[in-house]
Amino acid sequence: MNTNTTIKKRIFTMAMRGNTAILTDSSNPQSTISFKGENLSIIGLQLLNKLLESMPTQRLNYKVAVLLPHTVVIPTFENTRNAWIANGKTKTGNDIEPAKLHEVIRLNELLRVKGHNVEIFDQSKLTSVMYKSFTRKTWELMDKIVPKAEAEDCNAFMVQ
């Protein structure tokens, strides 16, 4: 008996630094989508929304894994989106700028319609060797586009 135990999966990985966000695709490693803008969290959401918009609505015969920096993962949680949309504020009471709230509302609708095909992962919490490998390669590509010395990346922060 010959059974195929291979799990089919397509993996998209995001990296953000300076004013640039990139998204790589495991099915076409030479292809990269990039966005530029003033606010990394907004362009990260725009890039995620663009990916989700391009996906079909019908159920796929494989999962799409999206490996995101922590700052973009936060609004992918349904309870976080619902709170942000209802209040226009973060859970800690900070105002959400209108452009970011607009992208969160779009994300909410896209995940409602297409979320059955998507698995979203926080890059800072990955345990899969395969996922870590894709993440490392995407950040190495980001190093070529926006070198570390030129700008902070979305995962860099200082505790004062």
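What the table shows:
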read-out	value
Close pairs (6 angstrom Cβ cut-off, 6 or more residues apart or separate chains): more than 18 Å from residue 102 (Cβ to Cβ) in the range 24-45, assigned to a loop (DSSP other than H, G, I, E, B) and modelled with pLDDT under 90 anywhere	25/31
Residue, farthest from residue 147 (Cα to Cα), within the range 45-60, restricted to residues that are at pLDDT below 95 and surrounded by 14 or more Cβ atoms within 10 Å (Cβ to Cβ)	60
Condition broken by residue 90, with the remaining ones in (1) at pLDDT below 95; (2) open to solvent by 40 Å² or more (accessible area, probe 1.4 Å); (3) among the polar types (S, T, N, Q) satisfied	(2)
Residues of the range 101-124 classified as in contact (Cβ under 8 Å) with a residue 24 or more places away in the chain, open to solvent by 40 Å² or more (accessible area, probe 1.4 Å) and touching a helix residue (DSSP H, G or I) at 6+ places or on another chain (Cβ under 9 Å), total	6
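The values are calculated or read from the model by the stated rules, or taken from the named source; none is laboratory data. Remember, it's a predicted structure, so these values are computed and weren't measured experimentally. Virtual Cβ from ideal backbone geometry, glycine too; neighbours counted across all protein chains shown. Heavy atoms of the whole protein, side chains included, go into the accessibility calculation; ligands, DNA and RNA do not. Shrake-Rupley method; radii C 1.70, N 1.55, O 1.52, S 1.80 Å.
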